[in-house]
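Chemist: I'd like to ask you about the structure that follows.
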Amino acid sequence: MTSAKPENSTALPDKRALIRGRFLVFAGIVLVAFGLRSAATAVSPILLTIQNDIPLDALNVGLLGMAAPFTFAVFGVLTPALARRIGLEWSVILAAGVIGVGELARALSQDTGSFLVWTFISLAGTGAANVLLPPLVKKFFPDRIGGMTTIYVFLAVLGSAIPAYLAAPIASGLDWRASIAMWGYIAVLALLPWIGQIIKERGHASPLGQVSDAGVTGRVWRSKAAWAITVSFAIASFNCYIMWAWLPVMLQERAGMSEPESGLMLALYTAMALPNSIIAPILIVRARSVTPLIIFGMAVTIVGALGLWFLPTTLTWLWVALSGFGVIFFTISLVLINLRTASPAGAVALSGMAQGVGYLIGALGPIAVGLIHSFTKDWSLEFIIIIATTLLGIFPMIALRKRVIVDAAPD
């Protein structure tokens with residue numbers, strides 16, 4: 001159902017106290033968000049230390065690198081069906097449990113095979129939780145979508161940076177197994193408020209009713225607005241995974257940076273997600289149109305890529321920071337998953353679609369750049385690819401000019 005009304009013209013629920021009557025779900029969302037990305041970031045800083053106990057050749061390291069986007073894509077597609085079957089609350093309990101058990105078991109692994117298997121299992125839980133957080137906000141905080149999205153995206157970013165920062169010191173002070181296992185305990189802790197919520201809801205609400213309409217998924221996949229949001233997410237995923245995989249190597253080769261210096265630049269790139277996560281959700285909820293934010297994301301990404309391409313040794317930090325601001329496409333997508341849907345059922349379906357397709361495309365970025373670079377020995381084509389994919393932001397900019405309720409009926 002398409003309406004010509006501006007985005008902020010639809011009446012929103014009256015606001016009430018943030019956590020009054022919903023403290024358990026607030027705590028559950030906070031804990032899940034904070035422990036969401038540790039499985040993806042807690043290993044690479046201590047990989048050499050892990051290799052002293054567990055053999056990891058180049059192929060194994062490559063599998064570890066592709067594990068996150070691959071599992072995020074697969075479980076982005078599968079999770080909506082799970083949520084329809086057992087409900088949002090039970091689904092997030094299962095996802096958090098899988099993350100926690102996977103991390104704890106990975107820390108206890110004694111051989112390469114089990115280490116890889118438990119890595120994929122833990123990241124499968126993360127992929128499911130990625131999809132579930134937006135509809136959980138939609139269901140329990142319909143009056144605080146901007147604020148709650150800010151909170152959980154900020155904590156997800158923080159929860160990816162802190163494990164990467166603390167991994168080596170903890171591994172040095174204790175051992176690498178303790179460094180990995182501690183993040184599994186956070187995921188296990190996240191189970192408690194959700195179990196409490198299930199107990200609280202017993203006899204008062206059906207956890208299945210909100211996400212039981214399987215027909216919603218078909219309508220979402222046929223929606224122009226849903227595909228616009230998916231393109232936005234795919235742009236961010238594709239470019240971010242390229243930068244996360246190859247930015248340090250590129251700076252070492254083209255700017256003459258040392259490993260610590262290039263690592264600091266990668267940290268700067270990642271840190272740019274923090275201001276995005278704080279400011280962008282509030283702007284998106286209040287704005288009449290997301291077009292200015294999409295233009296901003298396209299502009300900073302393209303300028304950052306051009307700077308790194310032609311002036312890699314001049315104001316390197318500025319080009320890296322501008323490129324990092326381009327991850328606003330992630331935030332735009334996550335907020336619009338809730339703003340563009342009328343129910344948690346629609347939010348589940350759209351979240352699964354956007355993240356399933358987006359992460360699958362994101363997994364292709366580092367592989368494509370690696371293959372291209374192995375033949376060309378140059379970085380020019382990498383920046384051409386980043387600029388070209390960023391220009392695809394024109395599509396969501398056009399398609400998202402009007403408010404579309406994608407789970408009510410086909411566009």
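The values are calculated or read from the model by the stated rules, or taken from the named source; none is laboratory data. This is a predicted model, so every value here is computed, not measured. Every residue, glycine among them, receives a Cβ derived from its backbone with ideal geometry; neighbour counts consider all protein chains shown.
Chemist: Under 9 Å between Cβ atoms, which residue pairs at least 6 apart in sequence (or on different chains) link something in segment 263-289 that is of a type in the set (K, R) with a partner that is not in a helix (DSSP H, G or I)?
Modeler: Sorted first by the residue in segment 263-289, then by its partner, the pairs are R288/P6.
Chemist: Let me spell it out: the conditions are (1) at pLDDT 90 or above; (2) in contact with a Pro (Cβ under 8 Å, 6 or more places away or on another chain); (3) among the hydrophobic types (A, V, I, L, M, F, W, C), and I86 meets all of them except one. Which number is the exception?
Modeler: Answer for I86: the failing condition is (1).
Chemist: Moving on. Whether any residue in segment 319-326 is in a loop (DSSP other than H, G, I, E, B), buried (at least 24 other Cβ atoms within 10 Å of the Cβ) and modelled with pLDDT of 85 or more is what I want to check.
Modeler: Step one: of segment 319-326, the residues in a loop (DSSP other than H, G, I, E, B) are 326.
Okay, now just the ones that are also buried (at least 24 other Cβ atoms within 10 Å of the Cβ), so 326.
Narrowing further to those that are modelled with pLDDT of 85 or more: 326.
Yes - at least one qualifying residue is present in segment 319-326.
Chemist: Check A81, A27 and return the single one that is on the phi < 0 side of the Ramachandran plot, surrounded by fewer than 21 Cβ atoms within 10 Å (Cβ to Cβ), modelled with pLDDT under 85 and not in a loop (DSSP other than H, G, I, E, B).
Modeler: Details: A27 fails: modelled with pLDDT under 85.
Only one candidate passes the filter, namely A81.
Chemist: From the list L391, L381, L371, which one is surrounded by fewer than 18 Cβ atoms within 10 Å (Cβ to Cβ), modelled with pLDDT of 85 or more and either more than 23 Å from the chain's Cα centre (by Cα) or not in a helix (DSSP H, G or I) (or both)?
Modeler: Numbers: L391 fails: either more than 23 Å from the chain's Cα centre (by Cα) or not in a helix (DSSP H, G or I) (or both); L371 fails: modelled with pLDDT of 85 or more.
The conditions single out L381.
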